[in-house]
Each structure stands twice: as C-alpha cells, then as structure tokens.
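Okay, so here's the structure we're looking at.
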Amino acid sequence: MTKGKLIAASVAALLALIGGVFAVQASQSTTQKAVEAGQQMPTAAQGLDPAAVVSRYGKITDRRPVGVGGLTAWTVEKGGRKVVLYTTADTQALFTGVVWDAATGRNLSDQFIPGNATVAAQPMAVPPVVAEQPGVRAAAAFDGKFTGTIPESMKTVDSLAGVKEGKGGIADTLYIIVDPRCPYCRKAYNITRDYVKKGYTIKWIPTVALGDPANGLPLAATILQSKDKDVVERVLGKHEQIRTQPTKETEEALRTSLAFMFAAFEQNGGQQAGVPVAFFIDRRTGKPRMMTGVSEMVVLEDIFGKL
C-alpha cells in the first residue's frame, strides 16, 4: 500500500479525534431544536434508509450536507455519468436542480459539482472576544509549550503533502489547507509573514478545492513539485501563474488532502467546506483544533497572539 493510500484509509477514523465531540454536540443540538419546534425526527426514526433510496439511481460516490433545510447532496454515477441528487431530511422527497439559499440568494449547488468546494469569504470560526486587563495579553493557542502526547489526527495532518516554513514540530506548527486560486488563501499567506519572521512555523497544504482541475492542478502541483524555495511566496504571495504538469504521485497527494478537508468539515457539524482552513494543537486545551477564517488578523491573533 502506498503512503498516500495508507493516509487516505486512516483519515476517517483519525478525524474523529479532531471533530467527534463537536459533531456529537451539533447532532444533539439539531435534535433538541427539532423536538422543541415539534418537527418530525429525521430519517432513522422513520425507518427510511436514504442511501438505499438514492442508490436506486446509481452508485453513490459522495454524500455531503447542503447546510440549509436539512438537505443532503448525493453524487451518484451511472453509465459513466455523474449526477447530483438531493434528499430532504425525512427522505420523503428526492430531486435534482439548483438549490438556492432563501435568506441570501446564494447558489448552493455549485459546490457539489464533483471536486468543488467554496471560498470561505467570511471567517466561520472567529474566536470569542475576551476582555483584556490593562497591560495583560489574552492567552493564545500557541502560548507556552505543549507537553502532551501528539494526537494521531495531527500526525495525519502533518503527513499531508505541503511546504513548511520554519522548523517546528507537529505541536508547534499551524497547518493551513489552501487552493492557490483562492483570494482569501493568498490573503492568509500575506498576513502571516510577520509571524513567520518572528519564528512561528506554518505548513501550507495545497488542494484543488474550487473545482476545475484542469485549471487548479498545475498551480497546486507547482507548490509541491518545485525546487524553488520561494515557490509559495511566488504562487500564494504574488499570485504568479506558475503551472507544472502534475505527476501521478502529486495528483494522489492532492486528492488525499482534499478528502481529508471534506471529511474534517463533515465531522465538525457538517458545515459548508471552504478554504483556507487551519489545523493545530490548542495549548489552552491540549486538544487538536480546526479553525476557519485564518485570512483575518483577529483569528491569527487568537492562534499566535498579537505581534
């Protein structure tokens, strides 16, 4: 078994260590709200197996929550053609087409085109504002020294293909999954420059999260395959369109990183996947943490502290 396949095989189990608690809490919260609102309990309580219903229309290759209305998006393949189907929370209805967010008017369907994710335009996990005492800085995630055992889930993140700035080990590294075409990923890179100069370690893990592999693969491959030590600066920092033909090993590594990212979002309450997204060990709790919104200084200050 290749290293990439070994990583992929262990992703689902290891992600439970990152998001299991959050996923359970989200599930309990959803159930409680449904009961309080007098709504019907979802699928399992009614005895309908959504996978069995959807599989009538083809082989299921992907399943993700839409994020509104209790809908689930399923990608099925039949006769070499992939189609996205949607089921309601009670599995009483199954349909295809475009799903719009009624509150914002945003098209939610594009992200479910096979291989697509979205750009996280706004921070989805901004840390709470903590009142600071005069002259006293609030504790940051990287304050002090981590002395515990490195979680297996963080070892998996560390094994994803990327480029590391700095010499820190797993406990001292901020891992950021990006798509080189994403403007917020580029912003995250640029606003972390002073932290890297100060000695913090960041590993940039490229993916093709925004779909259109023909366009995204060559840029992501450049980051992984180039021998230029300034390649991340050129591709992410300066937005240079340096394109490289990906090797099979690179394509496999990029698929593994993308699978990990989608699985992480699903484990953490099923929120809509987006880039950039970061993973690190929060020394205030001693536990692994997943954080979006790393293109915003307030989020970086919660992780590294104020400069």
Legend entry - For the stretch 77-87, 3J(HN,Hα) per residue [Karplus equation, 6.51 cos²θ - 1.76 cosθ + 1.60, θ = phi - 60°, Hz, x = Gly/Pro]: 10, 8, x, x, 10, 9, 10, 9, 10, 10, 10
Inset, instruction - Quote the convex hull volume per residue of the stretch 245-294, based on C-alpha atoms, as a whole number of Å³. - result: 106 Å³
Legend entry - All Cα pairs of the stretch 147-196, percent lying beyond 13 Å: 64 percent
Inset, instruction - Quick one: which residues, 5+ away or cross-chain, put their amide H under 5 Å from the amide H of D62? H built at 1.01 Å from N. - result: T75
Inset, instruction - Averaging sequence separations of C-alpha pairs under 8 Å and six or more residues apart, then dividing by the length of the stretch 163-288, give the relative contact order as a whole percent. - result: 33 percent
Legend entry - Per principal axis, descending, Cα span of the stretch 149-284 in whole Å: 41, 35, 25
Legend entry - W100 long-range amide H proximity, modeled H, under 5 Å: L108
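Throughout, read-outs are computed from the coordinates displayed, never taken from laboratory work. No experiment lies behind these values; they were computed from the predicted model shown.
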